[in-house]
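These notes are about the structure you will find just below.
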């Protein structure tokens, strides 16, 4: 029995270590100047998961900047008489539960498209840049159980002896939290406005969900903590010893180099500068948009809190997993500092599910408690002792907190659950058709065809 248990643990260990390497095919070459890729510990990596040394990573970011420069020249050359149209840059940061394969699948869909679904970005004036990081569930769990000890990554043979104790502690925490967790499930069920079918399903699955709830609490919390660690390292301005010899997180380097290209002209409007070519300095207006889906909001919060000098016109959060207090503490100072920009104040646009869809989302198996990832975070993964600890991306949380009087820089777009043109699940906000409507809502002038956004604007609830 002991031998079988050890074999099972070692098999799981090998599975956790064997994170698949992948390479881009020739058809993916156009994606190269549109993304940065970070290791789980925040340093820049290649698609083969090899460390990119500072010179190599700087060269990769310079390739992105060169792509932006070429795009800017085209935009400005096509501008109408009387001035230059703004160069539009969009930085996209995905959320949790996404591995590298999902990152590249998203880029292919949005940048390259396919025969059945045309890509979005070629139909806009945006130059997209994706911040890709590994937030997959499986290896997040293995990091917690085996590899991460006292804030650092350790060899497997260091963490393995303590893994049973970590596992036991997680299970014990989940078990002893069971009464509170069951009560959270009951409160969430009330938010669903349950219909007869919901009552029937709930009663039928009550014993199973009663058993799975402690496991969700135990292992969901550990995975969430590791994902937060990865998000923090991605943007940290001070990175410890690492194989890439990087001094800062991969996303921090990208934003630092973007900052170096943007200045404010005489009128105070942001200007994108292109290094001199044939002795002539080229420059023109620029509008920068940051999009953070779910945990991507945590990344954007930290980036902008450390880079107040970067003028971002639009910050778009899709079901953000950041707490209200975090947004108020990290992002609000940035928004207030940029409230008097000559070309328009920086604004925060938040898109959230309806209360019913938020409470009623099911996992694929149907065996776990109902609710979106944000519901799980508030109910199981994070301690919530005041209303500000709740997720901003939850319909109920922001509604109860602001009570109809949100700050002037915040606009919330709540889905109604009454239309097939709206996202109905937490993970669907960045699906092509929905994401197109979101971009239409925040910047309809970004589309090359003015008719694209006809009847594609989501209403603002606040």
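Selection within the range 400-426: residues that are farther than 30 Å from residue 86 by Cβ and out of contact with any helix residue (DSSP H, G or I) (no Cβ under 8 Å at 6 or more places or on another chain). The member of this set that is surrounded by the most Cβ atoms within 10 Å (Cβ to Cβ) is 402.
Residues in the range 165-186 that are touching a helix residue (DSSP H, G or I) at 6+ places or on another chain (Cβ under 8 Å) and part of a helix (DSSP H, G or I): 166, 167, 170, 171, 173, 174, 175, 178, 181, 182, 184, 185. The condition of being buried (at least 19 other Cβ atoms within 10 Å of the Cβ), touching a residue at least 12 places away in the same chain (Cβ under 8 Å) and within 15 Å of residue 126 (Cα to Cα) holds for only one of 449, 430, 443, that being 443. Residues that are part of a helix (DSSP H, G or I), in contact with a helix residue (DSSP H, G or I) (Cβ under 6 Å, 6 or more places away or on another chain) and either surrounded by 20 or more Cβ atoms within 10 Å (Cβ to Cβ) or modelled with pLDDT of 95 or more (or both) do occur in the range 307-325, at least one of them.
Whether any residue in the range 187-197 is under 29 Å from the mean Cα position of the chain (by Cα), under 26 Å from residue 93 (Cβ atoms) and surrounded by 16 or more Cβ atoms within 10 Å (Cβ to Cβ) is what I want to check. Checked the range 187-197: no residue is under 29 Å from the mean Cα position of the chain (by Cα), under 26 Å from residue 93 (Cβ atoms) and surrounded by 16 or more Cβ atoms within 10 Å (Cβ to Cβ). The single condition from (1) buried (at least 20 other Cβ atoms within 10 Å of the Cβ); (2) under 22 Å from residue 97 (Cβ atoms); (3) at pLDDT 95 or above that residue 139 fails is (3). Residues of the range 218-254 that are in contact (Cβ under 8 Å) with a residue 60 or more places away in the chain, part of a helix (DSSP H, G or I) and within 23 Å of residue 63 (Cβ to Cβ): 234, 235, 250, 251, 253, 254.
This table checks each residue for (1) in contact (Cβ under 8 Å) with a residue 24 or more places away in the chain; (2) within 24 Å of residue 244 (Cα to Cα); (3) within 24 Å of the chain's Cα centre (by Cα).
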site	(1), (2), (3)
39	yes, yes, yes
68	yes, no, yes
71	yes, no, no
77	no, no, no
84	yes, no, no
99	yes, yes, yes
106	yes, no, yes
110	yes, no, yes
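From the list 462, 382, the one residue that fits, being touching a strand residue (DSSP E or B) at 6+ places or on another chain (Cβ under 8 Å), at pLDDT 95 or above and within 25 Å of residue 325 (Cβ to Cβ), is 382. Just one of the listed residues (105, 88) is assigned to a helix (DSSP H, G or I) and either in contact with a strand residue (DSSP E or B) (Cβ under 6 Å, 6 or more places away or on another chain) or at pLDDT below 95 (or both), and it is 105. Residues that are exposed (fewer than 14 other Cβ atoms within 10 Å of the Cβ) and modelled with pLDDT under 85 within the range 23-36 comprise 23, 25, 26, 27, listed in sequence order.
Please determine whether any residue of the range 94-102 is in a helix (DSSP H, G or I), surrounded by 17 or more Cβ atoms within 10 Å (Cβ to Cβ) and touching a helix residue (DSSP H, G or I) at 6+ places or on another chain (Cβ under 6 Å). No, the range 94-102 contains no residue that is in a helix (DSSP H, G or I), surrounded by 17 or more Cβ atoms within 10 Å (Cβ to Cβ) and touching a helix residue (DSSP H, G or I) at 6+ places or on another chain (Cβ under 6 Å).
The values are calculated or read from the model by the stated rules, or taken from the named source; none is laboratory data. Keep in mind that this is a model prediction, so the values were computed, not measured. Because the Cβ atoms are built from the backbone with ideal geometry, glycine has one as well, and the counts that use them run over all protein chains shown.
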